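Read the structure below first, then the notes.
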Number of protein chains: 2
Amino acid sequence: MDVHLTPNMEMYLKTILEIDLEGSEARVKMIADRLGVTMPSVSGAVDNLRKKGLVGHNPYGKVALTEEGRIVALKVKEQNDLLYRFLREVLGVPDRIAKEDACTLEHVVSRTTLNRLSRFLEFVQVCPLGPGDIVADFVNWVNETDQARGAQPQQERTAS
Amino acid sequence: MDVHLTPNMEMYLKTILEIDLEGSEARVKMIADRLGVTMPSVSGAVDNLRKKGLVGHNPYGKVALTEEGRIVALKVKEQNDLLYRFLREVLGVPDRIAKEDACTLEHVVSRTTLNRLSRFLEFVQVCPLGPGDIVADFVNWVNETDQARGAQPQQERTAS
DNA sequence: AGGAGCTATTAGGCCAGCCTAACTTTTACC
DNA sequence: GGTAAAAGTTAGGCTGGCCTAATAGCTCCT
């Protein structure tokens, strides 16, 4: 019981969970469309996950998470949510980018760091140190310094 | 001039830079040892980078960054440093894990997020909002709540 | 100078993931 | 109920990255 999955396999699992949470049946085509891959790729991946006991699937049928698969998928989703919230709520990263980054990071960040991140989110929200809202302060500070730096634009727009 | 490299190629490049910064010649074996791969793997990677114009190398010779390779490698290293500092200094992640995570993340985090992260680091250090040191406060708060939660251990030690 | 031993390269194989093309099954509609 | 379209699978090929085994080149020491 410690399935170690590649990032891609985790993505398949998470996608199946998401479809499931929306109340739909996970079909190969649907998964393919969401992940932007072709159906044969999904067929292969599903077979892989089936062999690992994480999904149930008979040919031409729907794909369903097993008990264990669901646990793994939920863990991935949790990690995604945590990272997304941090990027959005603390760093103020634009929504689209926060989603993309969270989706990449969810597979590779250590448990330890995630736990710390979770604590940090809690911390800035409960904000047990008084009136100051750290996040708001950060946003204000960024805006102010952005203005002040108007002249010397740092290396924000990097050469491409 | 916008070489897009895989994470692995970036790692090779960064490793060569590091050896260089230590004042040594980058030899295939040295790179292999540092990255924990075999020499043939390095041979292949170096050839790859040479074809992209990022390193110079003639057979049985040393590997040296080109002008452009150096720029890319420095960028990667910068990203690593930034992430490492954030993990260590803000989140308080243990050193070894911070290094590992930074090394993974350096290749996959968006420029936007890195810029935000950089600003955040600046922010918590300049700490323009008064006496409170956010990081110290965070550490204290974690310790306090850790204690308070002694009974219900959360899900810290995850099943393995 | 010549051979031992280290360093490096080439050759060839494996795995994960993706693709297209071709085939099969299911579905849905007339 | 038969047939066309959609969904799914199988086959085969590609890339990146790693490995081992075998070969080739360097270096150094006697």
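The values are calculated or read from the model by the stated rules, or taken from the named source; none is laboratory data. Here the structure is a predicted model, which is why all the values come from computation and not from measurement. Please note: Cβ atoms are built from the backbone with ideal geometry, for glycine as well, and neighbour counts cover all protein chains shown.
Tallying residues that are within 11 Å of DNA strand D (Cβ to nearest atom) and in contact with a helix residue (DSSP H, G or I) (Cβ under 6 Å, 6 or more places away or on another chain) within segment A:44-54 yields 1. Looking at this structure, is B:Arg116 in contact with a Leu (Cβ under 7 Å, 6 or more places away or on another chain) and surrounded by fewer than 19 Cβ atoms within 10 Å (Cβ to Cβ)? For B:Arg116, the condition - in contact with a Leu (Cβ under 7 Å, 6 or more places away or on another chain) and surrounded by fewer than 19 Cβ atoms within 10 Å (Cβ to Cβ) - is not met. Against the test of being within 13 Å of DNA strand D (Cβ to nearest atom) and not assigned by TED's automatic domain parsing to the domain that holds B:Glu106, the options B:Leu65, B:Leu17, B:Leu13 yield a single qualifying residue, B:Leu13.
Table: residues versus (1) within 11 Å of DNA strand C (Cβ to nearest atom); (2) in a helix (DSSP H, G or I); (3) surrounded by fewer than 14 Cβ atoms within 10 Å (Cβ to Cβ); (4) within 14 Å of chain A (Cβ to nearest Cβ).
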{"residue": "B:Met9", "(1), (2), (3), (4)": "no, yes, no, no"}
{"residue": "B:Ile16", "(1), (2), (3), (4)": "no, yes, no, no"}
{"residue": "B:Gly44", "(1), (2), (3), (4)": "yes, yes, yes, no"}
{"residue": "B:Asn48", "(1), (2), (3), (4)": "no, yes, no, no"}
{"residue": "B:Glu68", "(1), (2), (3), (4)": "no, yes, no, yes"}
{"residue": "B:Ile71", "(1), (2), (3), (4)": "no, yes, no, yes"}
{"residue": "B:Val76", "(1), (2), (3), (4)": "no, yes, no, yes"}
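Yes or no: B:Glu22 away from DNA strand D (no atom under 11 Å from the Cβ), of a type in the set (Asp, Glu) and surrounded by 13 or more Cβ atoms within 10 Å (Cβ to Cβ)? So B:Glu22 does not fit the description; no. Taking B:Asp95 as the residue in question, decide whether it is within 14 Å of the chain's Cα centre (by Cα), without any contact (Cβ under 8 Å) to a residue 12 or more places away in the chain and either more than 16 Å from DNA strand C (Cβ to nearest atom) or not assigned by TED's automatic domain parsing to the domain that holds B:Trp141 (or both). Yes, satisfied.
In segment B:26-42, which residue that is buried (at least 16 other Cβ atoms within 10 Å of the Cβ), of a type outside the set (A, V, I, L, M, F, W, C) and in a helix (DSSP H, G or I) is farthest from DNA strand D (Cβ to nearest atom)? Taking the candidates together, the pick is B:Arg34. Of the numbered criteria (1) away from DNA strand D (no atom under 16 Å from the Cβ); (2) assigned to a helix (DSSP H, G or I); (3) at pLDDT 95 or above; (4) not assigned by TED's automatic domain parsing to the domain that holds A:Ala32, the one A:Val109 fails is (2). Which of the residues spanning segment B:18-36 are over 17 Å from B:Gly69 (Cα atoms) and near DNA strand C (Cβ under 8 Å from one of its atoms)? Answer for segment B:18-36, where residues must be over 17 Å from B:Gly69 (Cα atoms) and near DNA strand C (Cβ under 8 Å from one of its atoms): B:Lys29, B:Met30, B:Ala32.
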